[in-house]
Amino acid sequence: MDKTLAEKVVGKMYNEDWFSQWLGIEQVEVKAGYCVLRMKIRKEMLNGFGIAHGGITYSLADSALAFASNSHGRMSVSIETSVSHIEQLKEGDVITAVAEEVSLSNKIGIYHIAITDQKNKKVALFKGTVYRTSKDWQV
């Protein structure tokens, strides 16, 4: 089965993304303008309250933003992001980020990323805006 452009771009990005690999992020689904990622909360990801550090859900969502926004084959970089944490997470929780394209123009892309836990309960909401460069991915 031939890989799509989106799968090729995200595969290349992930192979060179040591941070996402360190987080233990796995790719669940990738297509143009859309990405689903999953990871498990580990002990070293907890803060002093014994719950997942906010940077963990932010990082998962940021990776989903990067993969979804680059999946069209044009290099894109974030220019504005925000996250709202809704529920706390504990060690062992499995979280999933779903990045969906809301708007796409020649230069700007806007994405919403919902993060849910293993019970499919929303735990964080993320919004990202990217700048689309004029450079294409060579895959």
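Structure notes:
- Filtered chymotrypsin sites (Phe, Trp or Tyr not before Pro), the range 21-118: DSSP coil and at most 12 other beta carbons within 10 Å: 49
- Whole-Å distance, taken between Cα centres, linking the range 75-139 and the range 1-30: 15 Å
- Of the solvent-accessible surface of the chain, computed with a 1.4 Å probe and all protein chains present, 51% belongs to carbon and sulfur.
- Using heavy atoms of the protein chains and a probe of 1.4 Å, the accessible area assigned to residue 12 is about 80 Å².
- Loop-located trypsin sites (Lys or Arg not before Pro) in the range 61-133 whose Cβ has at most 12 other Cβ within 10 Å (DSSP): 90, 107, 119, 121
- Solvent-accessible area per residue, Å², over the chain with all protein chains present [probe radius 1.4 Å]: 55 Å²
- Cα-based helix-to-principal-axis angle, 5-15 vs the chain, degrees rounded to 10: 50 degrees
- Cα gyration tensor, the range 11-68 - rounded (a/c under 1.5), prolate or oblate: prolate
- Net charge of the neighbourhood of residue 138, taken over other residues with C-beta under 11 Å away and scored Lys/Arg +1, Asp/Glu -1, is +2.
- Its DSSP H runs of at least 4 residues, each contributing -39,500 (n - 2.57), put the calculated 222 nm mean residue ellipticity of the chain at -7500 deg cm²/dmol, to the nearest 500.
- Hydrodynamic radius (Kirkwood) for the range 67-135, which is based on Cα pairs only, to one decimal in Å: 13.0 Å
- Heavy atoms of residue 100: accessible area, 1.4 Å probe, square angstrom to 10: 100 Å²
- For 2, 136, 17, the ranking by accessible surface with the largest value first comes to 2, 136, 17, using a 1.4 Å probe.
- Ranking 59, 20, 105 from most to least accessible surface, computed with a 1.4 Å probe over the protein chains only, gives 105, 59, 20.
- For the range 89-94, backbone phi angles converted through the Karplus equation (6.51, -1.76, 1.60; θ = phi - 60°) give residue-by-residue couplings of 10, 10, 4, x, 5, 10 Hz, Gly and Pro being listed as x.
- Computed accessible area, residue 110, all protein chains, 1.4 angstrom probe, square angstrom: 50 Å²
- Rounded to 10°, Cα long-axis angle of helix 54-70 versus longest principal axis of the chain: 20 degrees
- In sequence order, calculated HN-Hα J values of the range 78-86 (Karplus, 6.51, -1.76, 1.60; Hz; x Gly/Pro): 6, 10, 7, 9, 8, 9, 10, 8, 9
The values are calculated or read from the model by the stated rules, or taken from the named source; none is laboratory data. Since the structure is predicted, the reported quantities are computational estimates derived from the model, not experimental observations. Positions of Cβ are backbone-derived with ideal geometry, glycine not excepted, and every protein chain shown enters the neighbour counts. Ligands, DNA and RNA are stripped out before the accessible areas are found, and what is left, the full protein with its side chains, is counted by its heavy atoms. Shrake-Rupley method; radii C 1.70, N 1.55, O 1.52, S 1.80 Å.
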